[in-house]
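All remarks here apply to the structure that follows.
We did not get these values from a lab; they are worked out from the coordinates using the rules stated. If you're wondering where the values come from, they're calculated on a predicted model, not measured in any experiment. With ideal geometry, Cβ positions are generated from the backbone for all residues, glycine too; neighbour counts draw on all protein chains shown.
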Amino acid sequence: MMDMKSVEKKWQEKWEKSRLNVFNKKNADKKLYVLEMFSYPSAANLHVGHWYNYGPTDSYARFKKMQGYEVFQPMGFDAFGLPAENYAIKTGIHPKDSTEKNIALMERQLRNMGAMFDWTAEIKTCEENYYKWTQWLFLQLYKKGLAYRKEALVNWCPGCETVLANEQVIDGKCERCGNTVLRKDMTQWFFKITDYAEELLSDLDGLDWPEKTKLMQKNWIGKSTGCEIDFECETGDTITVFTTRPDTVFGVNYVVLAPEHPLVEKLKTAHPENAKAIDAYVQYASEANDIDRLSTAREKTGVATGAYAIHPLTQKKVPIYLADYVLYSYGTGAVMAVSAHDERDYAFATKYGLPITQVIQKKGGETVLPFCEDGILVNSGEFDGLSGEDARDAISAKLAKLGKGSKKVNYRLRDWSVSRQRYWGAPIPMIHCEKCGVVPVPEKDLPVKLPYDVEFRPNGKSPLASHDGFMHCTCPECGGKATRDPDTLDTFVCSSWYYLRYADAHNEKQAWSKEVADTMLPVDVYVGGSEHACMHLLYARFITKALRDMGLVSFDEPFKRLVHQGIILGPDGNRMSKSRGNVVSPDKYIDEYGSDIFRLYLMFGFSYTEGGPWNDDGIKSIAKFIDRVERLVRKAMDDKTSGYTDIRSAEKELDYVKNYAIKSITRDVELFSFNTSVARIMEYVNALQKYDALPEKNGAFFKASLEDLVRMLAPFTPHFAEELWEICGNKDSVFTESYPIVDEQALIKAETEYAVQVNSKIKAKLMIAESATEEEIKATVCAHAEIAPLIEGKTIKKCIIVKGRLVNLIVG
RNA sequence: GCGGAUGUGGCGAAACUGGCAGACGCGCAGGUUUCAGGUUCCUGUGGGCAACCAUGCAGGUUCAAGUCCUGUCAUCCGCACCA
């Protein structure tokens, strides 16, 4: 039995020395960029999830390398972020110190994993030579008008006196102190991702991504086509509403504004008798936290303003309400309420006793209100009788003609808020000057360094705001006194472009050279968890498109193909978590069996994209399998009795199994179907063992067959295969070999087994020559001893032959 | 509420465009090796004595359904008043 630990160490050192894992630019024409999502540097050891992401994907990469691709598989660290800062607040250990320590630890473990990472391209997002370019990226977006400042609602924890990221808000409460999180207006930097909404949506079609992920992005972007309609308000102002159902416009019973709508103030002035009630409602709505407000189950609330608006087509007066079921952030922040044909309006109207006017009739059936589907228009003047689509066209055309409305497309997607009132991130490279306003830091002055000596314990402001040395600077435009932006960038900004930096990691003059980027990118295969569907994966696509429009890259999409690994659950079937106490650590398994066996088990025991509950019964069997392979190889190499040199049926049979395995593996690895690939190798090993047990065998043939086994095994158990390859008497790395290629000739058999059915029931199995014609097959089947009695005296109505598989005789 | 996925032996799972359901492995049983335990190797292993019955459940299409269609239940994931 091999000492896996020393074998792994031996080969890792050899690979390091021979630069086996380093991308060779000379072969760039054959490049294949295989990327795993980089890691957050945690203090804990690598967990099963890391192994499950990186181990099998590395096998994929190695397989492609053996197929002749020049594989680029870099690794790095997404090193800024909240956990390090929270840890610092709790323990007083500086985020930089803990992060660097964690990176060192994690990098060592990643190296011990033996994956084919090209460490020469390693990046750490918290280092100056990286975040300098993150800041540069911000400036490019700013120049392009894609970064802007505005007031926005943020999560505010009154206990910690700080802003929280959405992820830190658990059930409406602060994850640290448990206080109820409030919403607060603050001026923030945003990236204008909404400018790209349409392209982000339409380009999904061309991506080789899981359909589920594409659908999630599609829903997230949330395109809806409709119409904006103007209602004149009694104050003389115009209330513009957005609707996807202009066909229901004759059924408008009232108009609703979101409580935050700017017109509220004016309406209050116009109707002082209601001012108190309005104020109370606005206050009530602002205090409701997101969880309550967003719940569909919540009862509708609202208040009458006393004001009215004029219906643009009927000229009738309709009352104006405030209600928080209308979201200020979507559409125009105002809706026309059609009580009969919208569930929410119906519920509101019912509660407050408002009129309900039916204007749509169900086609062929009784109309039950609220009726929200398409139907035939009634009570709609000249538009009566029209149906859904036609009515929408006709009515929006009429409104447009009157200057009272126009077609409009809205997206659910909002601009990306990137300011964080936090310390451990890339400082936003902006300067605030009393005279010149907001001024970008000149590129030559980058990076804006993140100072070390900062009080990062929360006090209600960004930690950097209290650091005088950082804050005070001179205005690059007027040279006068100015201050820096005290906020840092969301870490998703760092990870939105890292795949570009990998390709040109040591470039000191640029973030990347366009030439290099265009050679190395896009990423051919990107592997990571599906939890990033609407965050990282969307941001990265947006940034790529923005960079393309700036002429900095020449491709539209960063990740051509995307694969999500499944999740390995705890043995109890739940997500692993400390609180549940069901966390399985890979350490003891690595210690006992080594990294090859551990990764092989991960590949064999689970369906890669599904994952599933952890179970360690299987890992022992993998260790046994590896032992068996080793014994088989050693025995064959020691075997001096080479026997004879003929190729008999036994050799042909072995060759068949081998080539069947090669063919299957070649297809399955491409699909990330590792469990079936390993199964085919096991079958081949079983066949080799059977052959080995023969009294006589062709020694040279057997040795060659075993060398093929080692090649086949190499991507899955790289260290072990190298050792076997050496035992076989080879000097070079097995990874300089090419993966065995299927010999189709070996897969042709003289005879195939057919299942024979009579009236669709299996009755017999028999061997039929591959060359037989359909007529011959039919004759053979009918004459067969088990079949003949069953069809005797009956007419064969039909004979279905599936070549190489089955024959179905329909008799009556 | 909306959208999506999944449901197959005692267990992890296979099954490419409808074509022999359960590959491969675990476990289990019997044998073998060993002083003994582990190990090795061999054989068997969905259920039922059988005809037959079996892919969550109920229908349907088809010569043929795990696979296609309709309905339904359960679990998981995403979104959640988006007008």
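For A:Thr314 and A:Glu265, what does the FRET efficiency come to when R0 = 22 Å and r is the distance between their Cβ atoms, rounded to the nearest 0.05?
Values: r = 28 Å, r/R0 = 1.28.
Once rounded, the FRET efficiency stands at 0.20.
Taking a ≥ b ≥ c as the square roots of the eigenvalues of the Cα gyration tensor of the stretch A:582-698, is the shape rounded (a/c under 1.5), prolate (a/b larger than b/c) or oblate?
On the way: a/c = 3.53, a/b = 1.74, b/c = 2.03.
Because a/c hits 1.5 or more and a/b fails to exceed b/c, the stretch A:582-698 counts as oblate.
Among the listed pairs A:Lys96/A:Lys212; A:Lys150/A:Lys404; A:Lys9/A:Lys624; A:Lys101/A:Lys144, give every one whose C-alpha distance is greater than 31 Å.
On the way: A:Lys96/A:Lys212 38 Å; A:Lys150/A:Lys404 29 Å; A:Lys9/A:Lys624 21 Å; A:Lys101/A:Lys144 38 Å.
From the list (A:Lys96/A:Lys212; A:Lys150/A:Lys404; A:Lys9/A:Lys624; A:Lys101/A:Lys144), the Cα-Cα distance tops 31 Å for A:Lys96/A:Lys212; A:Lys101/A:Lys144.
Quick one: what are the phi-derived ³J(HN,Hα) couplings along the stretch A:745-756, Karplus 6.51/-1.76/1.60 with θ = phi - 60°, whole Hz, x for glycine and proline?
Once rounded to whole Hz, the list reads 4, 5, 8, 7, 9, 5, 10, 10, 7, 10, 8, 10.
Please give me, ordered by residue number, the trypsin sites (Lys or Arg not before Pro) of the stretch A:579-615 that lie in loop per DSSP and have at most 11 other Cβ atoms within 10 Å.
Numbers: sites: A:Arg580, A:Lys588, A:Arg599; in loops: A:Arg580.
Here the sparse-neighbourhood loop sites are A:Arg580.
With n ≥ 4 as the cut-off for DSSP H runs, can you work out [θ] at 222 nm for chain A, using -39500 (n - 2.57) per run divided by the number of residues, rounded to the nearest 500?
On the way: 26 runs with 301 residues, N = 812.
The helix contribution divided over chain A gives -11500 deg cm²/dmol.
Put +1 on the Cβ of every Lys and Arg and -1 on every Asp and Glu Cβ in chain A; which of A:Asn507, A:Ser577, A:Asn155 then has its Cα farthest towards the positive end of the dipole?
Positive-end residue among those listed: A:Ser577.
Please list, by residue number, every one of the GluC sites (Glu not before Pro) in the stretch A:380-468 that is coil in DSSP and has at most 12 other beta-carbon atoms within 10 Å.
Answer in residue order: A:Glu434, A:Glu455.
Based on the mean of other Cβ atoms within 10 Å per residue, sort peptides A:676-682, A:514-520 so the most packed one is first.
On the way: A:676-682: 20.3, A:514-520: 16.3.
Final packing ranking: A:676-682, A:514-520.
Dividing the alpha-carbon Rg of the stretch A:439-583 by 2.2 N^0.38 Å yields what?
The stretch A:439-583 yields a ratio of 1.40.
Could you size up the charge dipole of the stretch A:629-682 around its Cα centre, putting +1 on the beta carbon of Lys and Arg and -1 on that of Asp and Glu, and report it in debye to the nearest 20?
Numbers: 10 positive and 9 negative charges, 12 e Å.
Result for the stretch A:629-682 is approximately 60 debye, rounded to the nearest 20.
Given H placed on each backbone N at 1.01 Å, which residues far from A:Ile568 in sequence or on other chains put an amide H within less than 5 Å of it?
Result for A:Ile568 returns A:Gly612.
Over all alpha-carbon pairs in the stretch A:570-626, figure out the percentage whose distance exceeds 15 Å. Write out the running numbers ahead of the final one.
Working: 806 of 1596 pairs.
Pairs farther apart than 15 Å: 51 percent.
Over the stretch A:370-476, what portion of Cα pair distances is larger than 15 Å, expressed as a whole percent?
Working: 4361 of 5671 pairs.
Cα-Cα pairs of the stretch A:370-476 separated by over 15 Å account for 77 percent.
Where does helix A:617-638 land angle-wise versus the long Cα axis of chain A, in degrees 0 to 90, nearest 10?
40
When you take every Cα atom in the stretch A:1-54, what is the radius of gyration, and what is Dmax, the widest Cα pair distance, in Å?
In Å, with Rg to one decimal and Dmax whole: 15.3, 42.
Straight distance only, please: which lysines reach the Cα of A:Lys276 with their own Cα at less than 18 Å, same-chain residues fewer than 8 apart left out?
Within the straight-line cut-off, A:Lys276 pairs with A:Lys266, A:Lys268.
By what distance, in whole Å, do the Cα atoms of the stretch A:633-694 stretch along each of the three principal axes, largest value first?
Dimensions of the stretch A:633-694 along the principal axes of its Cα atoms: 41, 24, 14 Å.
Determine ³J(HN,Hα), in whole Hz, for all residues of the stretch A:219-231 in sequence, where each value follows from phi through the Karplus function 6.51 cos²θ - 1.76 cosθ + 1.60 and θ = phi - 60°; x replaces Gly and Pro.
Per-residue couplings from phi come out as 5, 5, 5, x, 6, 9, 9, x, 8, 9, 10, 9, 10 Hz.
List the trypsin sites (Lys or Arg not before Pro) in the stretch A:450-500 that DSSP assigns to loop (not H, G, I, E or B) and whose Cβ has at most 12 other Cβ atoms within 10 Å. Which are they?
Working: sites: A:Lys461, A:Lys481, A:Arg484; in loops: A:Lys461.
Sparse-neighbourhood loop trypsin sites (Lys or Arg not before Pro): none present.
With only alpha-carbon atoms counted, please give the Rg and Dmax of the stretch A:57-117, in Å.
Cα radius of gyration and Dmax of the stretch A:57-117 are 16.2, 51 Å respectively.
Can you classify the stretch A:254-354 as rounded, prolate or oblate using the Cα gyration tensor, where a ≥ b ≥ c are the square roots of its eigenvalues, rounded means a/c under 1.5, and otherwise it's prolate if a/b beats b/c and oblate if not? Before the final figure, lay out each step's value.
On the way: a/c = 1.61, a/b = 1.10, b/c = 1.46.
It comes out oblate by the Cα gyration axes.
Please state the Cα pair-distance histogram of the stretch A:679-812 with 5 angstrom bins from zero: what percent is in each bin?
2, 9, 15, 14, 11, 8, 8, 9, 9, 7, 5, 3, 1, 0, 0
Nearest 20 debye, what's the magnitude of the dipole of chain A about its Cα centre given +1 on Lys and Arg Cβ and -1 on Asp and Glu Cβ?
Numbers: 104 positive and 114 negative charges, 35 e Å.
So the dipole magnitude of chain A works out to roughly 160 debye.
Please state the shape class of the stretch A:378-417: rounded when a/c is under 1.5, otherwise prolate if a/b exceeds b/c and oblate if not, all from the C-alpha gyration tensor. List each step's numbers first, then the result.
Details: a/c = 3.92, a/b = 2.16, b/c = 1.81.
It comes out prolate by the Cα gyration axes.
Using Stokes-Einstein with the Kirkwood hydrodynamic radius over Cα pairs, what translational diffusion coefficient do you get for the stretch A:402-446 at 25 °C and a viscosity of 0.890 mPa s, in µm²/s rounded to a whole number? The partial results should precede the final answer.
Values: Rh = 15.0 Å.
Stokes-Einstein gives a translational diffusion coefficient of 163 µm²/s.
Report, to the nearest 10°, how far helix A:275-287 tilts away from the longest principal axis of the Cα atoms in chain A, using its own Cα long axis and a range of 0 to 90°.
With rounding to tens, the tilt is 20 degrees.
Out of all DSSP beta bridges in chain A, what portion is antiparallel? Express it as a percent rounded to 5.
Beta bridges within chain A, antiparallel portion: roughly 75 percent.
Below 10 angstrom from the Cβ of A:Lys749, what's the summed charge of the other residues (Lys, Arg +1; Asp, Glu -1)? Please report the intermediate quantities before stating the final value.
On the way: positive: A:Lys652; negative: A:Glu653, A:Glu751, A:Glu753, A:Glu770.
Here the count lands on -3.
Looking at the P(r) of chain A, how many percent of alpha-carbon pairs lie beyond 51 Å? Let's see the in-between values first.
Working: 117958 of 329266 pairs.
The proportion of pairs with Cα distances above 51 Å equals 36 percent.
Calculate, in nm to one decimal, what A:Ile748 and A:Thr91 gain on full extension: separation in residues at 0.36 nm each, minus their alpha carbon distance.
229.7 nm
Round to a whole angstrom and tell me the spacing of the C-alpha centers of the stretch A:400-456 and the stretch A:663-693.
Distance between centres, Cα-based: 54 Å.
Using 0.36 nm per residue, how much length does the chain from A:Thr645 to A:Ser554 gain when fully extended, once their Cα-Cα distance is taken away?
The A:Thr645-A:Ser554 span can extend by a further 27.0 nm.
Please find the FRET efficiency linking A:Asn459 to A:Lys150, where r is the Cβ-Cβ separation and R0 is fixed at 22 Å, and quote it to the nearest 0.05.
Approximately 0.30, to the nearest 0.05.
Give the span of the stretch A:282-428's Cα atoms along each principal axis, as three whole-Å numbers ordered largest to smallest.
63, 33, 33
List residues of the stretch A:75-111, by number, whose backbone nitrogen lies under 11 Å from a label position 7 Å along Cα→C-beta of A:Lys578.
Residues A:87 qualify, since their backbone N sits under 11 Å from the label point.
For A:Val811 and A:Val22 in the same chain, what is the full-extension length gain: residue separation times 0.36 nm, less their Cα-Cα distance, in nm?
Values: separation 789, 0.36 × 789 = 284.04 nm, distance 6.61 nm.
277.4 nm is the gain from fully extending A:Val811 to A:Val22.
Run a plain Debye calculation on the stretch A:419-518 (Cα atoms as equal point scatterers, no solvent) and give log10 I(q)/I(0) at q = 0.10, 0.19, 0.21 Å⁻¹, rounded to two decimals, same order as the q list.
Cα-only, vacuum Debye calculation for the stretch A:419-518: -0.34, -0.98, -1.08.
Would you kindly derive the ³J(HN,Hα) couplings of the stretch A:788-796 from the backbone phi angles with the Karplus curve 6.51 cos²θ - 1.76 cosθ + 1.60 (θ = phi - 60°), listing them in order in whole Hz, with x for Gly and Pro?
Running phi through 6.51 cos²θ - 1.76 cosθ + 1.60 with θ = phi - 60° gives 3, x, 6, 10, 4, x, 10, 8, 8 Hz.
If you take the C-alpha gyration tensor of the stretch A:1-160, multiply each eigenvalue by 5 and take the square root, what semi-axes do you get, largest first, in whole Å? Don't jump to the answer; show the numbers that get you there.
On the way: eigenvalues 241, 109, 36 Å².
The three semi-axes for the stretch A:1-160 are 35, 23, 13 Å.
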